[in-house]
1. Show which lysines lie in cross-link reach of K42 when reach means a straight Cα distance below 19 angstrom and same-chain residues fewer than eight apart are skipped.
2. Provide the gained length on full extension for the span E289 to I373, in nm with one decimal, where the gain is 0.36 nm per separating residue minus the Cα-Cα distance.
3. Give me the log10 of I(q) over I(0) for the range 245-326 at q = 0.13, 0.17 Å⁻¹, as the Debye formula computes it from C-alpha points; what are the numbers?
4. Given H placed on each backbone N at 1.01 Å, which residues far from V131 in sequence or on other chains put an amide H within less than 5 Å of it?
5. Return the ratio Rg/(2.2 N^0.38 Å) for the range 175-265, where Rg is computed over Cα atoms only.
6. Pairs to check: K117/K310; K144/K354; K207/K232; K97/K207; K73/K310. Give those whose C-alpha atoms are more than 22 Å from each other in this structure.
7. Loop only by DSSP, 16 or fewer other Cβ within 10 Å of the Cβ. Give me the trypsin sites (Lys or Arg not before Pro) in the range 28-72 that pass, ordered by residue number.
8. With r defined as the distance between the Cβ atoms of S362 and K310 and R0 fixed at 60 Å, what FRET efficiency is calculated, to the nearest 0.05?
Amino acid sequence: MTKTIRLALLASTLLGSAAWAQDVTLTIESWRNDDLAIWQEKIIPAFEAANPGIKINFAPSAPPEYNAVLNSKLDAGSAGDLITCRPFDASLELFKKGKLADLSDLAAMANFSDVAKSAWQTDDGAQTFCVPMASVIHGFIYNKTAFEELGLVPPKTEAEFFALLDKIKEDGSYIPMAMGTADQWEAATMGYQNIGPNYWQGEEGRKALIEGTQKLTDEPWVAPFRQLAKWKDYLGDGFEAQTYPDSQNLFTLGRAAIYPAGSWEIGVFGPQIGGAFEMGAFPPPVPAEGDTCHISDHTDIALGMNAATKHPEEARKFLEWVGSSEFASLYANALPGFFSLNSAPVEMEDPLAKEFVGWRESCEPTIRSTYQILSRGTPNLENETWTASANVITGAETPEAAAERQQQGLAAWYAPQQK
C-alpha cells in the first residue's frame, strides 16, 4: 500500500513538473506600441487557444527609441525571445552580430516570395533571419466629401494632379494638402519616396543606383524633387513649422482635402474621423498618360528570434504560426494598412485598405530606394533624403543642389558610386 502511494505521488510529481515545464512565456520586443490592444485582444488569444502551455507577452517600446533600447537589451542579455525586425540594414547588423537566429530552415519560409524575404536576408540571399509580416503602400488619401463638393475626381497624371490642387486652392474651403516639413521624414517618406518610383521606374532605377549605373544627379532622381518644389504652394500657411501630428489632425478634422500618405494611417484615421467624412485613395499620379504606374510597396515589418532565447523550440513554433495564412489574414485585417507578405491571398475587410492593396494589380511594386545597402555609410542616404526633401519643399535648396549634395555624400563612402 505504502509503495503504491509513493508511486502515485512520484507519478503526480513528474506529471506536475512536465506541465510546469510546458508553461512558457515568450516576450515580443516591438516598436509598434499602437498595436498593443490588437495583440492582446486578437492575435495572442488566437495563438494561445491553439497552443496551450505557451503564453505570449507583447512588450513594445516607443518607436523612436526602439533601436537603441533593443540593442541595449540584447547586449545586456535581457531582451525578449522574439524580436520585431525593421527592414534591411538594422536587422542585418543584428544578425551579423549573432543577436538574431538563422530561420532559413523554418517550413513557413516557403510561404514567402524572394522579394518578400529580401528585407531580412543576407546580401547573397543565403540566410533568412526574420519571418516577413507586412508591407506598407504609399499613395494619397483624400476627403471624399471635399472632392464631391468641388466636383473633383482623383488624378491619374501629374498635370491632372496640379490642376486639381489649383482648383482646391482657388475655392479656399480646404487646404489642398496636409503635410509639414518640421519633422523632415514625412517630406521624404510621403513625398519623395511616394512619387519618385514613377520617375526612376521603380525596381529598375533602385537597383541601378545600387549597381552604380545611375546617379542621384540623373534626371529620374532629380525630377521628383522638381515636383516636390511645386508642393509648397499647396500645403497651407505655416507648413514649415507643421509637425507630423499637426498634419494628421488637419486631415482628420476635415480641414485638408488630400493627405500624402502611407497606408499605416488607415487604422489611425478611421477611428479619429469617426464617420465625419468618407475617405478615398489614389496612387501617385504618373508623369504622363500611358506611363507605367509604380508604387512603393515597402517591406516594413517582420519577426525574428533572439539567438539567446531560453525557449527556442517554443519561439520557432510561434514563428511558424506567424508565417501561416491564418496569421496573415488575422494580422492584415486587425491592422488595416499593413498588407500581408504571405503568398496566400488575404481577403481585406476595410474598404480603404482594399483600395490601396488593389493597386498591386495595376502598378509595379518597389521599395524605398534608400533602404537596401545605400544607408550603411556616413553620411546616411536615408537621413540625407529627409533633409533634402524638406529643403526642396521650403525652397532652402534647389532640386539640383539637393541632388548634387546627396550624390556627393553617397559617393564619399559607396564604391560603386565613385566610378
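1. By straight Cα distance, K42 reaches K55, K317.
2. Numbers: separation 84, 0.36 × 84 = 30.24 nm, distance 3.31 nm.
Net length gain for the segment: 26.9 nm.
3. The Cα Debye sum returns log10 ratios of -0.71, -0.86.
4. It is L303, G304, by chain and number.
5. Dividing the Cα radius of gyration by 2.2 N^0.38 Å gives 1.19.
6. Working: K117/K310 26 Å; K144/K354 16 Å; K207/K232 30 Å; K97/K207 26 Å; K73/K310 15 Å.
Going by Cα-Cα distance, K117/K310; K207/K232; K97/K207 fall outside the 22 Å limit.
7. none
8. On the way: r = 48 Å, r/R0 = 0.80.
Between S362 and K310 the formula returns 0.80.
The values are calculated or read from the model by the stated rules, or taken from the named source; none is laboratory data. The structure presented is a predicted model; accordingly, all values stated were derived computationally and were not measured. Heads up, the Cβs are rebuilt from the backbone with ideal geometry, glycines too, and the neighbour counts pull from every protein chain shown. Only protein heavy atoms, including side chains, enter the accessible area calculation; ligands, DNA and RNA are left aside. Shrake-Rupley method; radii C 1.70, N 1.55, O 1.52, S 1.80 Å.
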